[in-house]
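Taking it in order: structure first as structure tokens, then the write-up.
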Amino acid sequence: MIIDTHHHYWNYDPVEYDWIDDDMAQIRRSFLPADLKETLKGTGVEGVVTVQARQSLEETNWLLELAAENEFMRGIVGWLPLAAENIGELLDKYSQDKNLKSLRHVVQGEPDPNFILGKEFNRGISLLKNYDLAYDILIFEHQLVNTITFVDQHPDQQFVLDHIAKPRIKANELEPWAKYLWELAERENVSCKISGMVTEADFNNWTEEQLKPYFDVVIKAFGPERLLFGSDWPVCLVATEYSDWLNLVKKQLAQFSEEEQKMIFHKNAEKVYQL
């Protein structure tokens, strides 16, 4: 059994999804639960956790509706305005829907390098544990230092690092990403998704050998107790097919026992996201 902890849906609109540039032209269309269900046939993936792609309450509401209609959707990572004054009221309201498992903010897109250390934002984060909600960290490699400081302010909060903090795979640069990833991994309340790697490389020319050093660091730093599998579908399609990515991850995890592989492929997800 496998749970895919990271994918997105969208009704394609060129303005709302302006980050889908010309290099990604093949995903300039809508991707909905029926498309994913078709993709998952024969993969062994039985459950999924859907992640927000727009920072709006409309997006969160839409994903919660889809989760209510689709049994294979085990939960969602939504968005709420964490820095807003009324975040407490919003959490009271949204936490009543048991399909909401985590929240995420697109910190990687914030022009202010210190956004993640902002007072109001951290006040919002500090409330999440009262609602049994995780928080997904979406950052680029250069934001790791501030992220460590951020995590240290919330020792009782469950965090999930998305896309292994987006190292510079395309440039084949391992440092300083590896150093700071190890440091972040020392925090026991942080888990990490093995996802989003092929799209940090050259879409058309990445190789398994090129990804291996990054796999090695993540696997050693977090260990089988705190790793989760994610596809980043449909974004991954610009660089690989769903089943090819899954098979590559399986190959990298073959070093682990069957029980440890079960942890990475579904048990950790069930625990972290309370599925």
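Being open to solvent by 30 Å² or more (accessible area, probe 1.4 Å), at pLDDT 95 or above and not β-branched (Val, Ile, Thr) is the requirement here; does residue 261 meet it?
yes
Would you point out which residue out of 255, 210 is farther than 28 Å from residue 9 by Cα, out of contact with any strand residue (DSSP E or B) (no Cβ under 6 Å at 6 or more places or on another chain) and not in a loop (DSSP other than H, G, I, E, B)?
210
Which residues, counting only those in the stretch 13-27, are among the aliphatic types (A, V, I, L, M) and open to solvent by less than 100 Å² (accessible area, probe 1.4 Å)?
Correct list: 20, 24, 25, 27.
Exactly one of (1) open to solvent by 50 Å² or more (accessible area, probe 1.4 Å); (2) within 20 Å of the chain's Cα centre (by Cα); (3) of a type in the set (D, E, K, R) is unmet by residue 89. Its number?
Answer for residue 89: the failing condition is (2).
Out of all the residues in the stretch 117-132, is one or more within 23 Å of residue 79 (Cβ to Cβ), of a type in the set (Asp, Glu) and open to solvent by 10 Å² or more (accessible area, probe 1.4 Å)?
yes
Only one of (1) more than 24 Å from residue 56 (Cβ to Cβ); (2) open to solvent by less than 60 Å² (accessible area, probe 1.4 Å); (3) β-branched (Val, Ile, Thr); (4) part of a helix (DSSP H, G or I) fails for residue 169. Which number is that?
Single failed check for residue 169: (4).
Looking at the stretch 143-166 only, could you name the residues that are within 16 Å of residue 121 (Cβ to Cβ) and part of a loop (DSSP other than H, G, I, E, B)?
153, 154, 157
Filter the stretch 32-71 down to the residues that are aliphatic (A, V, I, L, M), assigned to a helix (DSSP H, G or I) and in contact (Cβ under 8 Å) with a residue 40 or more places away in the chain, then identify the one that is surrounded by the most Cβ atoms within 10 Å (Cβ to Cβ).
Within the stretch 32-71, the match that is surrounded by the most Cβ atoms within 10 Å (Cβ to Cβ) is 63.
The values are calculated or read from the model by the stated rules, or taken from the named source; none is laboratory data. Note that this is a predicted model, so its numbers are computed, not measured. Backbone-built Cβ (ideal geometry, glycine too); neighbour counts: all protein chains shown. Only protein heavy atoms, including side chains, enter the accessible area calculation; ligands, DNA and RNA are left aside. Shrake-Rupley method; radii C 1.70, N 1.55, O 1.52, S 1.80 Å.
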